[in-house]
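Below is one structure, written out as C-alpha cells; the observations come after it.
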Amino acid sequence: MKLATTIRSQVRSHATRGLLRSMPTFKVVKDMPEHLQNLLDSLDAAELQPSEGRRR
C-alpha cells in the first residue's frame with residue numbers, strides 16, 4: 001500500500017506535471033520510410049531461411 005501511495009503522490013506532484021507538460025507529444029507514425037521497410041523485409045526473409053551452420 002505504501003508504494004501505491006508514494007507513486008500516486010509522485011504522479012500528482014507539481015514537478016511531475018510540469019515535466020510532463022514540457023515533453024513533446026508522442027505521435028505514432030503509421031508510414032515507415034521505404035528503405036527501413038526494405039531492411040525489415042530482408043531481415044524477415046533471412047530469418048525464414050535455414051541456418052546452414054551459421055553461429056548465433
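Would you please state which residues of region 1-38 a label at ASP44 would reach in this model, taking the label point 7 Å out along Cα→Cβ and a backbone N cut-off of under 12 Å?
Hits in region 1-38 for ASP44 at 12 Å: 37-38.
For a quick size check, give me the Cα extents of the chain along its three principal axes, largest first, whole Å.
57, 30, 15
Along the charge dipole of the chain, Cβ charges K/R +1 and D/E -1, which of ALA45, PRO33, ALA15 sits furthest on the positive end?
Of the candidates, ALA15 comes out farthest on the positive side.
The numbers here are math on the coordinates, done by the rules we state, and not lab data. Not measured: the values here are computed from a predicted model. Glycine gets a Cβ as well: all are built from the backbone with ideal geometry, and neighbour counts include every protein chain shown.
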